[in-house]
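Chemist: The structure is given below, and queries will be raised subsequently.
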Amino acid sequence: MGNSKVKFSTICYVVTGISVILIIAILSNYFRDIKYSSWEMKKEIQITSANIASEYIYDFFEGRKASLSLMGQCIKGLEESNVAELEEQLLSEAGLFDSIAIVDREGSYICEYGKSGIENIQKESGFIKALEGQCTVAEELVTGSGGEQELLIYAPVTRSNGETRLVLAASLLESTLTRYIEKKIAGPGICAAIMNNRGRVMYGSSNVAEIIGKTGASYFSFIKSCKIITNNVGVEYIQSSIRDRKEIFLEFNYEKKEYISVCMPVDINGCYIIYITSTDNSVADSNRLLASSSILVKILVADIIVIFGLLIYHITDRVKLIKLLGNYGVLDRQEGAVLFEYIFQPKKRIELYGDFSHIVGNKFSPLVGEAVYDVYEYVHEDDAFIRGRLHEFFDSDKEVFSSEVRVLDKEGGYGWYRLTGTMFRDGNGNCERFVGKIVNANKQISMEKNLVQRAENDLLTGVLNKKTIEAKVAEQLKDKHEGRNYIFFMVDLDNFKNVNDTLGHIFGDKAIADTAEVLTGIFHSNAFIGRLGGDEFAVCAIYDAFDEESLMKFIIENAEKVCEGNRRQYSDGANTVKISSSVGISIGPKDGRDFELLYKKADEALYSSKNTGKNKYTIFGRN
């Protein structure tokens, strides 16, 4: 009997010891991984996810507004009667929209691509804003000519005096918007929709109808039919928060299911994104008390209750956390997306969640302390400014950061990425955690930069057009840098008319393109090269000279290269035409500090070259 008691006591001590070790291990793991309470963590993750979703929607529409505005610049000089060229411009951007149309001030369609066209477009508020010179997204969906709901984006086409003469009206079908939201934001267990500032749901993922759609298109009506769990949140609170453009977080039950919802403002016509996820709600309840006269048994039973309670609570919350963290994965279906976390205390630390090796070609270990600055080794030197922008953001009270940056890839080149993140601060406003993601945006950003290049460059030669080189040179001349010289070369082809008259315009275009290639090969990247019109070109080269001798040497060497490079001949097999070039040169700031004055004096020097034998250069003010 005594042996039995000894054995029982020994077993109890051993089990109690093991229990204590388990409790310590569980608490250690729990407080390491779950820094905040379950509710706070759920709220953080949901708001961060909604913030990122809001950025997706904002970038989507801002990108299309920018493309439409640039198209307006491209067709600015085209007449309404030139339908063929107008249609060509529409086709160049057809991939971004379901339809595009050019409409006159009275609302009549001049030309269109796709199934566009709505009745009385001139009465639409977006059309009216476009006439006032604004590029805008419509506030409501409308029924298009194809019978499907669509959202219109408007951009003005202006005259030189700034007055709007035409309006570009591009549409995105509701089905297109749904596909985008499902690809970038929504997914299993995630519902996303866009509502206006009056609470009406306009469009969203296809599973919107399973939840919100059952009570109609009003988010307010939907919330009224739910049981709200979050304290001090009701329909009036939601309505006032939307009026004040605040984010809204709430938990609710609907048809025996638990949901978490965030309404996040988007800077597009005062609209909001609704981001709803479902979550399992398991409650651990272990209230078993075993009666025993033995103090040791009572301690053991209490110990076991605590262990099982903590285990169930820990596992339940971990499952919820893993499910909510899985929402990030849905947002990462775009190729090349990587999540990261920048922790500020007790030491600076960067953690990456995702495979970064497909970008830079090697594994990325957590960075601690001063090593966090090693990330800038992967950033293009021209984008080093992002370091200053980030520190400025850290010192501010802002919550959301967004920027574009070129990142080194495993082939040794650079690709464009969009960095977005949300800052979490303590009660004193000090930075605690910066959570965000890096998304491959190379295709979109390259497309936007190509559109800018098309608006600034001459179509035949690829060098700057007259308007752009004039603007860029004028901006450079504002610089008061001591010892800096701006050498303005005007280049005009000799005998060019004979090329067109004898050989035809195909050879004439080639002579012009060849001249642009010669100039581009001679001058370095710190020179502006443009075509002023016809066979006339301009180059503004920047040169920091220590003395007059080095300046003249630079000018003469390059002028001789221009003349030599433009001594060419063209033949169609039967006829041969020789050309050369005359060059006029002025020097700023000595000859002037504005474009018009440098242009005038270089033109006078060019006239002198033409009248004294051609095939030569003349520097203004020198024989």
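The values are calculated or read from the model by the stated rules, or taken from the named source; none is laboratory data. What you are looking at is a predicted structure, and each value in this text was computed from that prediction instead of being measured. Note that we place each Cβ from the backbone using ideal geometry, even for glycine, and neighbour counts take in every protein chain shown. For the accessible areas, the whole protein counts, side chains as well, though only heavy atoms, and no ligand, DNA or RNA atoms are used. Shrake-Rupley method; radii C 1.70, N 1.55, O 1.52, S 1.80 Å.
Chemist: Report yes if Ile181 is in contact with a strand residue (DSSP E or B) (Cβ under 8 Å, 6 or more places away or on another chain), closer than 19 Å to Glu55 by Cα and surrounded by 15 or more Cβ atoms within 10 Å (Cβ to Cβ), otherwise no.
Modeler: yes
Chemist: Those residues that are open to solvent by 10 Å² or more (accessible area, probe 1.4 Å) and either modelled with pLDDT of 95 or more or under 14 Å from Val491 (Cβ atoms) (or both), I need them from segment 535-555; list them, please.
Modeler: Asp535, Glu536
Chemist: May I ask you to list the residues in segment 117-168 that are in contact with a Phe, Trp or Tyr (Cβ under 8 Å, 6 or more places away or on another chain), open to solvent by less than 10 Å² (accessible area, probe 1.4 Å) and either over 18 Å from Ser69 (Cβ atoms) or in a helix (DSSP H, G or I) (or both)?
Modeler: Listed by number, the residues that qualify are Ile121, Gly126, Phe127, Ala130.
Chemist: Kindly establish whether Phe528 is among the aromatic types (Phe, Trp, Tyr), under 26 Å from Lys601 (Cα atoms) and at pLDDT 95 or above.
Modeler: Against the criterion (among the aromatic types (Phe, Trp, Tyr), under 26 Å from Lys601 (Cα atoms) and at pLDDT 95 or above), Phe528 does not qualify.
Chemist: Every residue in segment 238-279 that is part of a helix (DSSP H, G or I) and in contact with a strand residue (DSSP E or B) (Cβ under 7 Å, 6 or more places away or on another chain), please.
Modeler: The answer is Ile238, Ser241, Ile242.
Chemist: Further, regarding this structure: Go through segment 570-584 and report how many residues are crowded, with 21+ Cβ neighbours inside 10 Å and among the charged types (D, E, K, R).
Modeler: Total satisfying the criteria: 0.
Residue by residue, here is whether (1) touching a Leu at 6+ places or on another chain (Cβ under 8 Å); (2) surrounded by 15 or more Cβ atoms within 10 Å (Cβ to Cβ); (3) modelled with pLDDT under 85 holds:
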{"residue": "Ser240", "(1), (2), (3)": "no, no, no"}
{"residue": "Glu247", "(1), (2), (3)": "no, yes, no"}
{"residue": "Asn253", "(1), (2), (3)": "no, no, no"}
{"residue": "Ser261", "(1), (2), (3)": "yes, yes, no"}
{"residue": "Met264", "(1), (2), (3)": "no, yes, no"}
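Chemist: Mind listing just one residue for me: the one in segment 372-386 that is β-branched (Val, Ile, Thr) and under 20 Å from the mean Cα position of the chain (by Cα) and, of those, most open to solvent (accessible area, probe 1.4 Å)?
Modeler: Checking each candidate, the answer is Val379.
Chemist: Out of segment 82-116, which residues are among the polar types (S, T, N, Q), open to solvent by 20 Å² or more (accessible area, probe 1.4 Å) and touching a strand residue (DSSP E or B) at 6+ places or on another chain (Cβ under 9 Å)?
Modeler: Gln89
Chemist: Kindly list the number of the only condition in (1) hydrophobic (A, V, I, L, M, F, W, C); (2) part of a strand (DSSP E or B); (3) crowded, with 21+ Cβ neighbours inside 10 Å that fails for Met202.
Modeler: (3)
Chemist: Looking at Leu166, Leu152 in this structure, which one is of a type outside the set (Gly, Ala, Ser), more than 27 Å from the chain's Cα centre (by Cα) and at pLDDT 90 or above?
Modeler: Just a single option satisfies the conditions, and that option is Leu166.
Chemist: I want to confirm something. Restricting to segment 387-410 and keeping residues that are open to solvent by 70 Å² or more (accessible area, probe 1.4 Å) and touching a residue at least 24 places away in the same chain (Cβ under 8 Å), which single residue is nearest to Leu339 (Cα to Cα)?
Modeler: Glu399
Chemist: A further question on this structure: In segment 416-453, what residues are touching a Phe, Trp or Tyr at 6+ places or on another chain (Cβ under 9 Å), at pLDDT 85 or above and open to solvent by 50 Å² or more (accessible area, probe 1.4 Å)?
Modeler: Looking only at segment 416-453, we keep the residues that are touching a Phe, Trp or Tyr at 6+ places or on another chain (Cβ under 9 Å), and these are 419-424, 430-446, 449.
Add one more test, that the residue is at pLDDT 85 or above, and what stays is 420-424, 430-435.
Selection gives Asn430, Glu432.
Chemist: Then there's this: Which of the residues belonging to segment 213-237 are polar (S, T, N, Q), out of contact with any Gly (no Cβ under 8 Å at 6 or more places or on another chain) and either open to solvent by less than 30 Å² (accessible area, probe 1.4 Å) or not in a loop (DSSP other than H, G, I, E, B) (or both)?
Modeler: Thr215, Ser221, Thr230
Chemist: Please go through (1) open to solvent by 10 Å² or more (accessible area, probe 1.4 Å); (2) closer than 18 Å to Phe488 by Cα for Ala513 and return the number of the only condition it doesn't satisfy.
Modeler: (2)
Chemist: Take the conditions loosely packed, with under 15 Cβ neighbours inside 10 Å, at pLDDT 65 or above and more than 32 Å from the chain's Cα centre (by Cα) and apply them to Ile11. Does it pass?
Modeler: no
Chemist: Of the residues in segment 458-509, how many are open to solvent by 30 Å² or more (accessible area, probe 1.4 Å), polar (S, T, N, Q) and within 22 Å of Ser67 (Cα to Cα)?
Modeler: Residues in segment 458-509 being open to solvent by 30 Å² or more (accessible area, probe 1.4 Å), polar (S, T, N, Q) and within 22 Å of Ser67 (Cα to Cα): 1 in total.
Chemist: If you don't mind, there's one more thing I want to ask. I need every pair where a residue in segment 468-492 that is farther than 19 Å from Asn558 by Cα and among the β-branched types (Val, Ile, Thr) has its Cβ under 8 Å from the Cβ of a residue that is modelled with pLDDT under 90 and surrounded by fewer than 19 Cβ atoms within 10 Å (Cβ to Cβ), sequence separation at least 6 or different chains.
Modeler: If the second residue must be modelled with pLDDT under 90 and surrounded by fewer than 19 Cβ atoms within 10 Å (Cβ to Cβ), the pairs left are Thr468/Glu456; Thr468/Asn457.
Chemist: Among the strands (runs of 3 or more DSSP E) lying completely within segment 547-623, list those that include at least 1 residues that are among the basic types (Lys, Arg). Steps first, please.
Modeler: Numbers: elements: 568-571, 576-588, 617-619.
Strands (runs of 3 or more DSSP E) meeting the threshold: 568-571, 576-588.
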